[in-house]
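Visitor: Here you go, one structure.
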Amino acid sequence: SSPSSSTKTYFTKVHGLPNISPLVSSVEETPEPIPTTVKGTIPTWIHGSLLRNGPGKFEFGNQHYNHWFDGMALMHRFQIEDGQVTYRSRFLHSDSYKQNSERNRIIVSEFGTLALPDPCKNFFQRFLSRFEMIKPTDNASVNFVKYKGDYYASTETNYMHRVDPDTLESKQKVDWSKFIAVNGATAHPHFDPDGTAYNMGNSYRNKGAFYNIIRVPPERDGPEDNLEGAKILCSIAPRDKSKPSYYHSFGMSKNYVVFIEQPIKMDLFKIVTGRLRGKSLNEGVYWDPNQETTFHLIDKQTGKEMPVKYHAKALSTFHQINAFEQDGFLMLDMCCSDDGQAINNFLVQNLRQSGEALDEMYNTMSRPLPRRFVLPLNISSETPLEQNLNTRPDSTATAVCRTNNQVFCTFEDLHGEDLKDYGGLEFPHINYARYNTKPYRYYYGCGFRHLVGDSLIKMDLESKKFKVWRQPDLYPSEPVFIPSPNAEKEDDGVILSVIITPVKDKSTFLLVLDAKTFEELGRAEVPVNIPYGFHGVFNSSA
């Protein structure tokens with residue numbers, strides 16, 4: 001195979017993709033627990049609930065959301081006890097949801113949808129409203145995250161909602177900016193073994209934008225405590241302060257936070273003037289293939305940004321798989337595309353297409369592939385220039401010093417050619433509790449032979465061989481790994497995934513796979529429709 005540095009974006013020639021519009025259509029909530037029908041066996045050692053989040057309502061009255069990320073947050077809970085499963089779901093009672101529901105129209109702007117001026121206002125008021133800044137939404141539809149033992153529905157603005165993990169009731173709206181000077185945070189924090197949480201959020205100051213590393217202590221000071229004690233560990237200046245990079249997540253090893261500054265850019269002028277120009281937020285987000293990707297390393301102990309910057313060709317990444325340090329190198333594993341257009345492709349109208357238009361949409365999108373960058377940590381004035389510093393055996397990644405504080409890196413593939421037949425891989429998961437920030441062997445994810453995941457994949461990094469679970473007309477959500485009691489091997493446990501379908505006579509279900517063999521153990525069929533969601537966590541009650 002050709003060296004990774006010359007690998008180009010690969011496109012596909014898929015034909016006859018099935019229509020999946022029911023997966024991105026509104027559903028009713030199911031606020032009281034309902035029983036499911038279990039087929040096969042669900043291990044009795046699983047005690048707890050799979051909590052999932054994602055969009056579940058795509059219109060109010062005759063007004064429709066434009067972007068998949070805009071739909072109102074619908075939270076799901078699969079409670080697993082003694083081999084039985086119940087299901088319930090609730091809409092997050094965010095201010096956005098309540099205001100839109102009261103007026104039966106879209107009052108609050110979302111990422112890809114600009115709320116129109118109130119028709120009840122007079123012409124002058126409507127004209128003036130165009131000069132107002134778009135207020136950030138509190139529609140927290142991306143993930144469930146845990147801080148200090150509490151669960152929060154989370155998105156990328158400065159608002160989260162504390163949620164009761166048993167009833168899914170919205171308890172409290174929490175604003176990051178009341179605790180630290182940030183205008184948002186990702187929905188993908190990382191955790192040290194002691195429960196200390198790390199996250200990232202932008203701040204917008206007079207001097208332009210900054211990226212900030214956030215640290216939240218693990219213990220609470222009292223029953224009312226939520227984000228108290230959160231601190232900004234480090235602020236990083238963007239390459240261009242008026243056009244910072246968009247990021248959905250970040251990497252973390254034992255000693256470093258790794259921030260990936262990618263060429264998906266946010267034009268702050270366009271975003272600030274969006275309402276005036278009648279444009280939504282996503283119109284200010286664009287891909288610049290002429291810029292390199294920069295990896296910033298921040299020492300978790302000192303909060304200092306390391307002087308050496310690591311560069312790579314333009315790539316886009318939503319999710320990292322793992323990062324760990326070994327023998328003077330930091331391995332950074334993540335799902336990457338060679339093109340960053342995807343964020344603007346996930347319009348609801350695109351996801352609801354059928355026939356040739358759907359095939360063309362899919363075939364012109366770059367596929368996400370798992371890759372490893374190897375970053376040499378011990379760079380000094382003595383380090384030779386223009387030679388590959390990656391001395392790891394069996395590794396095809398390269399790292400070459402251009403100057404004493406600039407290293408150019410190419411990746412190695414964490415897969416064989418056969419993964420491309422499954423459309424690449426996204427929504428990666430590992431045995432996080434035991435192997436995050438450590439050398440590891442297995443990762444799990446969704447194969448993407450459609451605009452949403454259509455298979456589950458387990459990859460063995462030693463052999464680059466993988467196991468697959470895939471069935472026609474079934475679309476799995478992100479796999480969540482749960483270790484079995486007294487687990488010895490890395491893959492001792494199960495994989496949970498919510499499987500949904502656009503086909504009327506097939507059922508939605510919670511799938512349980514043996515993580516070692518990837519064989520189906522059981523499924524719990526749910527008698528209601530569930531839309532395709534984003535992320536979730538397992539809340540153990542054992």
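Matching residues to (1) closer than 29 Å to Gln326 by Cβ; (2) of a type in the set (Phe, Trp, Tyr); (3) in contact with a helix residue (DSSP H, G or I) (Cβ under 6 Å, 6 or more places away or on another chain); (4) modelled with pLDDT under 95:
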{"residue": "Arg239", "(1), (2), (3), (4)": "no, no, no, yes"}
{"residue": "Val257", "(1), (2), (3), (4)": "yes, no, no, no"}
{"residue": "Lys270", "(1), (2), (3), (4)": "no, no, yes, yes"}
{"residue": "Leu276", "(1), (2), (3), (4)": "no, no, no, yes"}
{"residue": "Gly284", "(1), (2), (3), (4)": "no, no, yes, yes"}
{"residue": "Ile298", "(1), (2), (3), (4)": "yes, no, no, no"}
{"residue": "Tyr310", "(1), (2), (3), (4)": "yes, yes, no, no"}
{"residue": "Lys313", "(1), (2), (3), (4)": "yes, no, no, no"}
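Visitor: Could you list, in sequence order, the residues of the range 452-486 that are among the aliphatic types (A, V, I, L, M), without any contact (Cβ under 8 Å) to a residue 40 or more places away in the chain and outside any strand (DSSP E or B)?
Guide: Leu474
Visitor: Shifting gears a bit: Within the group Arg220, Arg205, Arg162, which residue is among the basic types (Lys, Arg) and at pLDDT 95 or above?
Guide: Exactly one residue qualifies, and that residue is Arg162.
Visitor: For residues in the range 441-457 being farther than 19 Å from Met361 by Cα and open to solvent by 10 Å² or more (accessible area, probe 1.4 Å), which is nearest to the chain's Cα centre (by Cα)?
Guide: Looking at residues that are farther than 19 Å from Met361 by Cα and open to solvent by 10 Å² or more (accessible area, probe 1.4 Å), I get Tyr442.
Visitor: Now for a separate question. Which residues, counting only those in the range 487-507, are at pLDDT 95 or above, assigned to a loop (DSSP other than H, G, I, E, B) and of a type in the set (A, V, I, L, M)?
Guide: Hit for the range 487-507 is Ala487, nothing else.
Visitor: Run down Ser366, Ser381 and say which single residue is of a type in the set (Gly, Ala, Ser) and open to solvent by 40 Å² or more (accessible area, probe 1.4 Å).
Guide: Sole residue among the options that is of a type in the set (Gly, Ala, Ser) and open to solvent by 40 Å² or more (accessible area, probe 1.4 Å): Ser381.
Visitor: Is there a residue in the range 351-373 that is part of a loop (DSSP other than H, G, I, E, B) and under 28 Å from Met306 (Cβ atoms)?
Guide: The answer is yes; a qualifying residue exists.
Visitor: For the range 386-418: of the residues being buried (at least 16 other Cβ atoms within 10 Å of the Cβ) and small (Gly, Ala, Ser), which is farthest from Ile457 (Cα to Cα)?
Guide: For the range 386-418, the residue satisfying everything is Ala399.
Visitor: Between Met334, Met306, which is open to solvent by less than 20 Å² (accessible area, probe 1.4 Å), touching a residue at least 24 places away in the same chain (Cβ under 8 Å) and farther than 17 Å from Met266 by Cα?
Guide: Met334
Visitor: On the basis of being of a type in the set (Lys, Arg), touching a residue at least 12 places away in the same chain (Cβ under 8 Å), outside any strand (DSSP E or B) and touching a Gly at 6+ places or on another chain (Cβ under 9 Å), does Lys241 make the cut?
Guide: Answer is yes for this residue.
Visitor: Okay, next question. Taking Arg90 as meeting all but one of (1) more than 30 Å from Asp221 (Cβ to Cβ); (2) open to solvent by 30 Å² or more (accessible area, probe 1.4 Å); (3) modelled with pLDDT of 95 or more; (4) not in a loop (DSSP other than H, G, I, E, B), write down the number of the exception.
Guide: (1)
Visitor: A follow-up question, please. Looking only at the range 137-156, which residues are over 15 Å from the mean Cα position of the chain (by Cα), among the hydroxyl-bearing types (Ser, Thr, Tyr) and open to solvent by 10 Å² or more (accessible area, probe 1.4 Å)?
Guide: Answer for the range 137-156, where residues must be over 15 Å from the mean Cα position of the chain (by Cα), among the hydroxyl-bearing types (Ser, Thr, Tyr) and open to solvent by 10 Å² or more (accessible area, probe 1.4 Å): Thr137, Tyr151.
Visitor: Filter the range 131-181 down to the residues that are under 17 Å from Arg88 (Cα atoms) and in a loop (DSSP other than H, G, I, E, B) and list them by number.
Guide: Ser141, Asp164, Pro165, Asp166, Thr167, Leu168, Glu169
Visitor: Could you say whether any residue in the range 337-359 is among the charged types (D, E, K, R), surrounded by fewer than 18 Cβ atoms within 10 Å (Cβ to Cβ) and touching a His at 6+ places or on another chain (Cβ under 8 Å)?
Guide: yes
Visitor: Exactly one of these conditions fails for Lys265: (1) under 19 Å from Leu297 (Cα atoms); (2) open to solvent by less than 60 Å² (accessible area, probe 1.4 Å). Give me its number.
Guide: (1)
Visitor: What pairs can you find where one residue is in the range 94-116 and of a type in the set (Lys, Arg), the other is open to solvent by 10 Å² or more (accessible area, probe 1.4 Å), and their Cβ atoms are less than 7 Å apart, with a gap of 6+ or different chains?
Guide: Arg105/Gly61; Arg105/Gln63
Visitor: Looking at the range 301-315, can you tell me whether even one residue there is assigned to a loop (DSSP other than H, G, I, E, B), touching a strand residue (DSSP E or B) at 6+ places or on another chain (Cβ under 8 Å), among the aliphatic types (A, V, I, L, M) and within 25 Å of Ser381 (Cα to Cα)?
Guide: Checked against the condition, which is being assigned to a loop (DSSP other than H, G, I, E, B), touching a strand residue (DSSP E or B) at 6+ places or on another chain (Cβ under 8 Å), among the aliphatic types (A, V, I, L, M) and within 25 Å of Ser381 (Cα to Cα), the range 301-315 yields at least one hit.
Visitor: Out of everything in the range 182-221 that is of a type in the set (S, T, N, Q) and assigned to a loop (DSSP other than H, G, I, E, B), what residue ends up being surrounded by the most Cβ atoms within 10 Å (Cβ to Cβ)?
Guide: Only one residue tops the list, namely Thr186.
Visitor: Restricting attention to the range 324-340, report how many residues are out of contact with any Pro (no Cβ under 9 Å at 6 or more places or on another chain) and within 17 Å of Leu425 (Cα to Cα).
Guide: Looking only at that region, the number is 1.
Visitor: Go through (1) under 22 Å from the mean Cα position of the chain (by Cα); (2) assigned to a strand (DSSP E or B) and name the single condition Phe408 misses.
Guide: (1)
The values are calculated or read from the model by the stated rules, or taken from the named source; none is laboratory data. Predicted model, so just to flag it, every value in this text is computed and none were measured. As a convention, Cβ positions derive from the backbone with ideal geometry for all residues, glycine included, and neighbour counts pool all protein chains shown. In case anyone asks, the SASA skips ligands and DNA or RNA and just uses the protein heavy atoms, side chains included. Shrake-Rupley method; radii C 1.70, N 1.55, O 1.52, S 1.80 Å.
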